[in-house]
1. Only one of 45, 74, 58 is in contact with a Ser or Thr (Cβ under 8 Å, 6 or more places away or on another chain) and under 30 Å from residue 116 (Cβ atoms). Can you tell me which?
2. If residue 50 satisfies all but one of (1) loosely packed, with under 14 Cβ neighbours inside 10 Å; (2) in contact with a Gly (Cβ under 9 Å, 6 or more places away or on another chain); (3) within 14 Å of residue 4 (Cα to Cα), what's the number of the condition it fails?
3. Which is out of contact with any strand residue (DSSP E or B) (no Cβ under 9 Å at 6 or more places or on another chain) and in a loop (DSSP other than H, G, I, E, B), of 164, 160?
4. May I ask you to verify whether residue 79 is part of a loop (DSSP other than H, G, I, E, B) and touching a residue at least 24 places away in the same chain (Cβ under 8 Å)?
5. Residue by residue through the stretch 1-16, note down the ones that are assigned to a loop (DSSP other than H, G, I, E, B), in contact with a strand residue (DSSP E or B) (Cβ under 7 Å, 6 or more places away or on another chain) and of a type in the set (A, V, I, L, M).
6. Give the stretch 113-137 a look and list any residue that's exposed (fewer than 12 other Cβ atoms within 10 Å of the Cβ) and under 30 Å from residue 4 (Cα atoms), or say none.
7. Taking the residues in the stretch 24-47 that are surrounded by 15 or more Cβ atoms within 10 Å (Cβ to Cβ), more than 16 Å from the chain's Cα centre (by Cα) and not aliphatic (A, V, I, L, M) as candidates, determine which candidate is farthest from residue 98 (Cα to Cα).
8. Is it true that residue 92 is touching a strand residue (DSSP E or B) at 6+ places or on another chain (Cβ under 7 Å) and surrounded by 10 or more Cβ atoms within 10 Å (Cβ to Cβ)?
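The values are calculated or read from the model by the stated rules, or taken from the named source; none is laboratory data. Because the structure is a prediction, the values reported are computed rather than measured. When we count neighbours, we look across all protein chains shown, and the Cβ atoms used for this are built from the backbone with ideal geometry, even at glycine.
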Amino acid sequence: MIYGYARVSTDGQSVDAQVRALRAAGAKQVFKETASGAKTDRAQLRQVVAQLDKGDVLMVTRLDRLARSRRDLLNTLATIADKGAGFRSLGDTWADTTTSHGRLMLTVLAGLAEFERELIRARTTEGRARAKARGVAMGHKPKLTDHQKREAIRRRDAGETVREIARSYNVSHSTISRLG
């Protein structure tokens, strides 16, 4: 079965033109949604992908209707492929996993995206190592200064409750409990 997915970003827009194009291209059922493309969790998209079976095709009018980012697109296409279904974009003829050429193009793009992720990971790791070598403290800024920690420990040892101490420093009681 061929399913269609039509999406617009705001309530002022209409999915009617997309629905007409998808039906003309053979979509038997069209899922319509008003949601930002930047949102990765869209209810109607989730529903249509969940319905896909082996041999089905999900069709959109343009790739930007399906995903806003490369990573989101590749993740969605991987989910569709895992179900044994195909994908086709009417406006982007190269994005058609029902053809060998389309699968090749998307495979190349997926490989490039994976390569880019590895480069980013390597640069990030190198940057963190350089920062640590310069003495940059990683992680969250401590909630209490060393003086406040010593004072809180002294107050706790004197019998004041952990919750009272925490309230006076505007931190959670667990922050005070962890002080050694």
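1. 45
2. Against the list (1) loosely packed, with under 14 Cβ neighbours inside 10 Å; (2) in contact with a Gly (Cβ under 9 Å, 6 or more places away or on another chain); (3) within 14 Å of residue 4 (Cα to Cα), residue 50 comes up short only on (2).
3. Numbers: 164 fails: in a loop (DSSP other than H, G, I, E, B).
Unique residue meeting the criteria: 160.
4. Details: part of a loop (DSSP other than H, G, I, E, B): no; touching a residue at least 24 places away in the same chain (Cβ under 8 Å): yes.
No: the conditions fail for residue 79.
5. Result: 15, single match.
6. We begin by selecting, within the stretch 113-137, every residue exposed (fewer than 12 other Cβ atoms within 10 Å of the Cβ); these are 114-115, 117-127, 129-130, 132-137.
Of everything in the stretch 113-137, just one residue is exposed (fewer than 12 other Cβ atoms within 10 Å of the Cβ) and under 30 Å from residue 4 (Cα atoms), namely 114.
7. Checked the stretch 24-47; the qualifying residue farthest from residue 98 (Cα to Cα) is 34.
8. Values: touching a strand residue (DSSP E or B) at 6+ places or on another chain (Cβ under 7 Å): no; surrounded by 10 or more Cβ atoms within 10 Å (Cβ to Cβ): yes.
For residue 92, the condition - touching a strand residue (DSSP E or B) at 6+ places or on another chain (Cβ under 7 Å) and surrounded by 10 or more Cβ atoms within 10 Å (Cβ to Cβ) - is not met.
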